[in-house]
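I have placed the structure first, in the form of structure tokens, so that the comments after it can refer back to it.
The values are calculated or read from the model by the stated rules, or taken from the named source; none is laboratory data. Only a predicted model underlies this, so the values are computations on that prediction, with no experimental measurement involved. Ideal geometry is used to build each Cβ from the backbone, glycine not excepted, and the neighbour counts take in all protein chains shown. Quick note on the areas: whole protein, heavy atoms, side chains included, nothing else; ligands and nucleic acids left out. Shrake-Rupley method; radii C 1.70, N 1.55, O 1.52, S 1.80 Å.
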Amino acid sequence: MQQAEIHEFLVRFFQANGCELIANEDGWLTVQLTVDLDKELMNRPFYWHYLEKTGGTPNPAKLTFITDPQRTPKNIKGEKIHFGSPRLHQIFQSAKKLAGYIRLYEQGRSASGRGIPLFPWLGLNVKISYQCDRKKDILRSIGLHLINGRMVEGFHDRLLQLDLTPKIPDYSYTISPLIMPKSGILRIKNFLREEILREDHQWALEARQRWEKDLKLLEHFYEDGKEKGESYHNEKEALQNQYEPKIIISVINGGLFYLTENAV
Amino acid sequence: MVVDIKFDSSWEEGFLERINQDGPWANWELYKLAIEAERHTVIEEFDGLIAPKHLPHLTILPHQLEAARKVVENMNGKAILADEVGLGKTIEAGLVLKEYMIRGLIKKVLILVPASLVTQWTRELNEKFFIPAVAQKKSYVWEECDVVVSSLDTAKRSPHREIIYQQEYDLVIIDEAHKLKNNKTKNYEFVQNLKKKFCLLLTATPIQNKISEIFNLVSLLKPGHLGNESAFNRKYKKNSRSIKDDEHLRELINKVMIRNRRKETGIEWTERHVETVPIEFTKEERELYDAITALRSDNTWMSLSPFSIMTLQREACSSREAVYITLKNMLAKTENKDLFQSRIQDLLEKVDKVRTNSKAQKALQLIKSINDKVIIFTEYRATQLYLQWFLKQHGITSVPFRGGFKRGKKDWMKELFQKHAQVLIATEAGGEGINLQFCNHIINFDLPWNPMRLEQRIGRVHRLGQEKDVYIYNFATKDTVEEHVLKLLYEKISLFEKVIGELDDILTKLDFGNFEDYLTDVFGYSASEGEMRIKMENLTAMIELAQQMKEGGNRAASGNP
């Protein structure tokens, strides 16, 4: 992530949360947090608790972030932000936490003045983690048409092309899903499972081999007539934790999208 | 099935709830940002290190990066990091820790370090690596915090021990791990019983004396990697080893150990200047020393072991105070009071007659001429106290440093030394675990007999970050046991110019047991000067042979009778 991207990200994040940007300059920015975002980011529950009890005037923090120290005047004091900053990752986490679930409608254009039907889609952005003693992740975005069961990959990127609003637009009406969200989720899960099973799992085989090898060494170490005590069992369990290959699928965010007939 | 697939269902529950209650729903911009954040942080490859991208301000040296990569990619997260002193093992460990954290492979981490380093580790992890490590102070910390730094001594004691055993650690890091070389100790047992998925052992001296030490370290990490104890002993102990066995063992060890050496790192090191400073006893000091030496041929002293006499001799080379304390203790302990009383009284009188300490005089002179920060190492607490008093008499500020100091006190002393005092007087146990690269003069007031300990001392100062040449002054009193040892260490092994890596190779090759025991044997049990000289020559020859073996490999070994 480049410094300019980080700057842009911060601006968008704070604006999306309704915070006022007091300054937004080349290389730095100052933002007035809202009460909600102060609670989210500043980690000072006692202050807020006290304030609510005493009925004082809330005074949410003002933060200055420096995204490019070279372009920032000397007199500007603030937090330097780069890709490894805990603050940036806190904000990343926060974005995920605050944006887990969504419902949007496509703004359709009616030529004839007749009402536009919007079709229900279930969209899930998922992270698939392949884990043994090593780990990698793959992001996928799946959309499921909740009437006809059609499934689409790269759903999120297609959504980005559309004009979406949180309120149902005038002259539009929604069609009720035939597939319930719960079974929609199940369909997507099964689809992912089948796909993953077809993949090449050499990595998992190798992890199992490493596991097997260390297990043999462990057995050998304790075969000395010594009692296989607690430490043996600890080690054995630790090896399982270390090597056992598994795939974990988690949803980053997702929701319902009502789209025009040929939108995706 | 090769692999298990698990779904995390937490999202689903929240979703169905929102459908029922018609919201609340997130805003579109934030939703998009969440995905963008995820795209930036997702790691799509098993291989490679991501951590450096998160640490742009940190200067990572190539050998450190390579070490971290090896640990993760080739060693499955279980390794002994055994770089020579001062090459940045902490950075390597920090990189591995950071990498696993970023990838989400670990959460619960226990870091055990010498008490004097707890603060420094905690600070470095927070400042250099942005890892929210917490120094253990209250007992709830073990459970509440994810990354905890503590001393081994605290951790192994009740009630901590019991709480720690309840935790499942994803990663355990142990600094100065050579303290775990003996598998019969409480420390060893404690670490062996920790639940740990990944593990890093840090030590600059993986082998101090015996080949079994490395067996014990590796067995903590990966039990069975070097076989079980009896098989290992059969194969590698003592004289039955062949060069082929050695090669095999080396290969095995290299699978779990990374050892970078100064000269291989390509880093420009500052020079080491070593100077032997010969000391002449005063007449009174000489009389005391000779009186102690004479005890050896005294029949009434038969119950006093050669080792005790040796200790007294060495103390006499350090300070009369050191001798005094030992004599007092002897007197208190002995059952045969009448017989001993008069003898010890004789010696105490000789102690009393000593008016000046020749070494201290020399040290004072040296410190004045250096006119900069100086560290004095001594083996004896009594000498330490005396020196502090002595320097104060001459208007020189000093701070003491001991292994027994609590963590906070060590930090405080280090800071006092850095900011306010000219001299730091450390005893042996204080040698480990402090980094003092702001100082570049060391006086070895007396010498430890284990060369690895000497290297640890020097390593406090001659490490990465030392910008000046390092000066080492070894004090040796003429015509004493001290001079003999120094001759051996300095002239024969040419220890001080040597890098430690070669030294531990040599000591391993010798494998005659404990180096110190051997010296005690030479000096303590030799019936005559002649026997002592022959034994010393033997030792020298063995060291030289080991050196040749190392340099010439098999070629030299074939000539080995």
**Spans of helices (runs of 4 or more DSSP H) in region B:443-561 with at least 2 residues crowded, with 16+ Cβ neighbours inside 10 Å and either modelled with pLDDT of 60 or more or not aliphatic (A, V, I, L, M) (or both)** = B:451-459, B:481-486, B:500-510, B:515-525, B:529-552
**Message:** Residues to consider are B:ILE367, B:ILE375, B:ILE425; find the one that is in contact with a helix residue (DSSP H, G or I) (Cβ under 6 Å, 6 or more places away or on another chain) and at pLDDT 90 or above.
**Reply:** B:ILE425
**Request:** Confirm whether A:TYR243 is among the hydroxyl-bearing types (Ser, Thr, Tyr) and touching a Ser or Thr at 6+ places or on another chain (Cβ under 6 Å).
**Result:** no
**Message:** So if I check each of B:ALA67, B:ALA37, B:ALA26, which one is surrounded by 18 or more Cβ atoms within 10 Å (Cβ to Cβ) and in contact with a His (Cβ under 9 Å, 6 or more places away or on another chain)?
**Reply:** B:ALA37
**Sole exception among (1) of a type outside the set (D, E, K, R); (2) facing another protein chain (nearest Cβ under 7 Å); (3) closer than 19 Å to B:ALA79 by Cβ for A:TRP211, by number** = (2)
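This table checks each residue for (1) modelled with pLDDT under 95; (2) touching a strand residue (DSSP E or B) at 6+ places or on another chain (Cβ under 7 Å); (3) surrounded by fewer than 24 Cβ atoms within 10 Å (Cβ to Cβ); (4) of a type in the set (A, V, I, L, M).
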residue: B:LEU58; (1), (2), (3), (4): yes, no, yes, yes
residue: B:GLY88; (1), (2), (3), (4): yes, no, yes, no
residue: B:ILE106; (1), (2), (3), (4): yes, yes, yes, yes
residue: B:ILE111; (1), (2), (3), (4): no, yes, no, yes
**Request:** Identify the single condition in (1) part of a loop (DSSP other than H, G, I, E, B); (2) under 25 Å from A:SER250 (Cα atoms); (3) in contact with a Pro (Cβ under 9 Å, 6 or more places away or on another chain) that A:ILE102 does not satisfy, given that it satisfies every other one.
**Result:** (1)
**Item:** Those residues of region B:327-369 which are closer than 30 Å to B:ALA421 by Cα, part of a helix (DSSP H, G or I) and among the polar types (S, T, N, Q), in sequence order
**Value:** B:SER358, B:GLN361, B:GLN365, B:SER369
**Message:** Regarding region A:217-231, can at least one residue be identified that is of a type in the set (S, T, N, Q) and facing chain B (nearest Cβ under 9 Å)?
**Reply:** yes
**Prompt:** Restricting the search to region A:48-74, which residues are among the aliphatic types (A, V, I, L, M) and either in contact (Cβ under 8 Å) with a residue 24 or more places away in the chain or open to solvent by 60 Å² or more (accessible area, probe 1.4 Å) (or both)?
**Reply:** A:ALA61, A:LEU63, A:ILE66
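Table: residues versus (1) in a loop (DSSP other than H, G, I, E, B); (2) over 23 Å from B:GLU38 (Cβ atoms); (3) touching a Ser or Thr at 6+ places or on another chain (Cβ under 8 Å).
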site	(1), (2), (3)
A:VAL11	no, no, no
A:ILE22	no, yes, yes
A:LYS39	no, yes, no
A:ILE76	yes, yes, yes
**Message:** Looking only at region A:10-22, filter to residues that are open to solvent by less than 80 Å² (accessible area, probe 1.4 Å) and free of Cβ contacts under 8 Å to residues at least 24 places away in the same chain; which one of those is nearest to the other protein chains (Cβ to nearest Cβ)?
**Reply:** A:ALA16
**Prompt:** Quick one: in region A:105-144, which of the residues that are in contact (Cβ under 8 Å) with a residue 60 or more places away in the chain and part of a loop (DSSP other than H, G, I, E, B) is farthest from the chain's Cα centre (by Cα)?
**Reply:** A:SER110
**Item:** So A:LEU33, is it more than 20 Å from the chain's Cα centre (by Cα) and open to solvent by less than 20 Å² (accessible area, probe 1.4 Å)
**Value:** yes
**Fill in**
Among B:ASN228, B:ASN209, B:ASN216, the single one that is at pLDDT below 90, open to solvent by less than 50 Å² (accessible area, probe 1.4 Å) and closer than 17 Å to B:VAL256 by Cβ is B:ASN228
**Asked** What is the one condition in (1) within 14 Å of chain A (Cβ to nearest Cβ); (2) in a helix (DSSP H, G or I); (3) among the polar types (S, T, N, Q) that B:SER212 does not satisfy?
**Response** (1)
**Prompt:** Would region A:118-139 turn up any residue that is among the polar types (S, T, N, Q) and open to solvent by 30 Å² or more (accessible area, probe 1.4 Å)?
**Reply:** no
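Rundown of residues vs (1) part of a helix (DSSP H, G or I); (2) farther than 13 Å from B:ILE434 by Cα; (3) among the polar types (S, T, N, Q); (4) open to solvent by less than 70 Å² (accessible area, probe 1.4 Å), yes/no style:
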site	(1), (2), (3), (4)
B:ILE376	no, yes, no, yes
B:GLN384	yes, yes, yes, yes
B:TRP389	yes, yes, no, no
B:ILE396	no, yes, no, yes
B:LYS409	yes, no, no, no
B:GLN418	yes, no, yes, no
**Prompt:** Would you call B:ILE50 within 30 Å of A:LEU160 (Cβ to Cβ) and in contact (Cβ under 8 Å) with a residue 24 or more places away in the chain?
**Reply:** yes
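What helices (runs of 4 or more DSSP H) completely inside region A:145-264 contain at least 2 residues that are exposed (fewer than 14 other Cβ atoms within 10 Å of the Cβ)? So that I can check it myself, show each step before the final result.
Values: elements: A:155-159, A:181-198, A:202-222, A:230-243.
So the answer is A:181-198, A:202-222, A:230-243.
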**Message:** Please pick out the residue among A:THR165, A:THR174 that is at the interface with chain B (Cβ under 9 Å from one of its Cβ atoms) and among the hydroxyl-bearing types (Ser, Thr, Tyr).
**Reply:** A:THR165
**Request:** Give, as residue ranges, the helices (runs of 4 or more DSSP H) completely inside region B:1-120 that count at least 1 residues that are more than 8 Å from chain A (Cβ to nearest Cβ).
**Result:** B:10-21, B:51-54, B:62-73, B:89-102
**Item:** Meets criteria (within 21 Å of B:ILE19 (Cα to Cα) and in contact (Cβ under 8 Å) with a residue 60 or more places away in the chain) for A:LEU162
**Value:** no
